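The values are calculated or read from the model by the stated rules, or taken from the named source; none is laboratory data. Bear in mind that the values here come from a model prediction, so they are computed numbers and not experimental data. Cβ sites come from the backbone with ideal geometry, for glycine too, and all protein chains shown count toward neighbours.
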Amino acid sequence: MTELNDLHRGTRILIVIGMLAILSISIKQAQTALAWLLFAVFLAVIGTPPVLWLERRRIPYVAAVLLVVAGFAIVLVVIGALVGASLNSFYADLPSYQALLQNRISSLQAFLAANGIKITDSLLIHQIDPEAVKRWTAGLLRGLGSALFELVLILVTVMFIFLEASTFPVKLRAILGDPQRDFQPFMAFIYDIQRYMNIKTAISLTEGILVGVWLFILGVDFPILWGFLAFLLHYVPNVGGSIAAVPAVLLAFIELGIGRAALVAIGYVTVESVLGNMVEPMLMGRKLGLSALVVIVSLIFWGSLLGIAGVVLCIPLTMTLKFACENSSSTRWIAVLLGTGITPEKAPSASVKELRK
């Protein structure tokens, strides 16, 4: 009997692995559609508090939804215009930056040679390919141009998510055939996801503003572009802040010298240390319940499946997977593996009515 149970358990594991493989391939094939759908859900989560705030001010729910969606449209268009203008200027100035870089490297070579260290040109200058940077920047500019249609789709999807949100529990009860079904655990999970995304967005926005202001004070070109990059990459756990600092520090070195580049690096490290390692953990607490290894693996896994959308939303997606596994005895072991081994703090129970108050 024990051997038969082990055989059935092994068969179930193989079936689950096969289904996950098929699902991964399907997600990979539908990457573009899933990416804009996930961004729509992300914006809906971020926009829920403003919608509910407007509703509490006696503004009809539909009107509140339209106002918030219009606000998203204005903000995204303004950001796109500013970032696009910065990218266009950066692309136009690349030849002059290349000349400045060669001068900086020549000065560095002379300094090192005076101290008995000889470095060849091939070791320094040829490691940086200006043509590759130009191709990358041109690709981003083309991407911004084609993003307008996707932006319209995303905003329309956000609007319908808001309009359908209040009827979702009713539809789910009808599907399950249980009109009295209690969704308290699910609503608590939604509360955690919403709280995480709101805090993460606020921290990311603060980091982007601080970085942009610091670079503007130091006189580094395109502070809006680097501030937006810091905002976006702060969503990437553990490594996002370091990646965002590289181009700004390099540009500061090319444009202003090693002293200003060091100040830029110090500013990035200070902002990331205070916000990412002190303020954010204090606000988040232990609600994530994900191990550090799972965070890194989820970053790689979702990023490979969904591109930039997976990189930005890897933590909410993994939390969703963990919640789904927790609610089935046959997959609870997966939730245990994804967790930290420490029981997370209980979120306050939340119903649909409570979340709308």
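Observations, loosely collected:
- Among the residues making up the stretch 242-265, those that are crowded, with 18+ Cβ neighbours inside 10 Å, touching a Leu at 6+ places or on another chain (Cβ under 7 Å) and within 25 Å of Val311 (Cβ to Cβ) are Ala244, Ala248, Val264.
- Subset tally (residues that are among the hydroxyl-bearing types (Ser, Thr, Tyr) and in contact with a Phe, Trp or Tyr (Cβ under 7 Å, 6 or more places away or on another chain)) for the stretch 213-263: 0
- Some residue of the stretch 256-265 being in contact (Cβ under 8 Å) with a residue 40 or more places away in the chain, more than 30 Å from Gly339 (Cα to Cα), of a type in the set (Gly, Ala, Ser) and part of a loop (DSSP other than H, G, I, E, B): yes
- Residue identified as modelled with pLDDT of 75 or more, closer than 20 Å to Leu225 by Cβ and surrounded by fewer than 17 Cβ atoms within 10 Å (Cβ to Cβ) among Leu94, Leu76, Leu52, Leu67: Leu76
- Restricting attention to the stretch 211-222, the residues that are surrounded by 19 or more Cβ atoms within 10 Å (Cβ to Cβ) and under 14 Å from Ala265 (Cα atoms) add up to 5.
- Among (1) in contact with a helix residue (DSSP H, G or I) (Cβ under 6 Å, 6 or more places away or on another chain); (2) touching a residue at least 40 places away in the same chain (Cβ under 8 Å); (3) farther than 28 Å from Ala44 by Cα; (4) not aliphatic (A, V, I, L, M) - the single one Tyr235 does not satisfy: (3)
- Boolean, Leu123 is more than 30 Å from the chain's Cα centre (by Cα), assigned to a helix (DSSP H, G or I) and either more than 26 Å from Ile224 (Cα to Cα) or at pLDDT 85 or above (or both): yes
- Test result for Leu250, in a helix (DSSP H, G or I), more than 13 Å from the chain's Cα centre (by Cα) and under 19 Å from Asp192 (Cβ atoms): no
- Test: residue in the stretch 229-239 that is over 13 Å from the mean Cα position of the chain (by Cα) and either of a type in the set (Gly, Ala, Ser) or at pLDDT 80 or above (or both): no
- Within the stretch 266-286, restricting attention to residues that are touching a residue at least 40 places away in the same chain (Cβ under 8 Å) and out of contact with any Asp or Glu (no Cβ under 6 Å at 6 or more places or on another chain), the residue that is surrounded by the most Cβ atoms within 10 Å (Cβ to Cβ) is Tyr268.
- Flag for Val294 being within 24 Å of Ile105 (Cα to Cα), of a type in the set (Val, Ile, Thr) and part of a helix (DSSP H, G or I): no
- Among the numbered conditions (1) over 16 Å from the mean Cα position of the chain (by Cα); (2) farther than 30 Å from Ile105 by Cβ, the only one that Val271 does not meet is (2).
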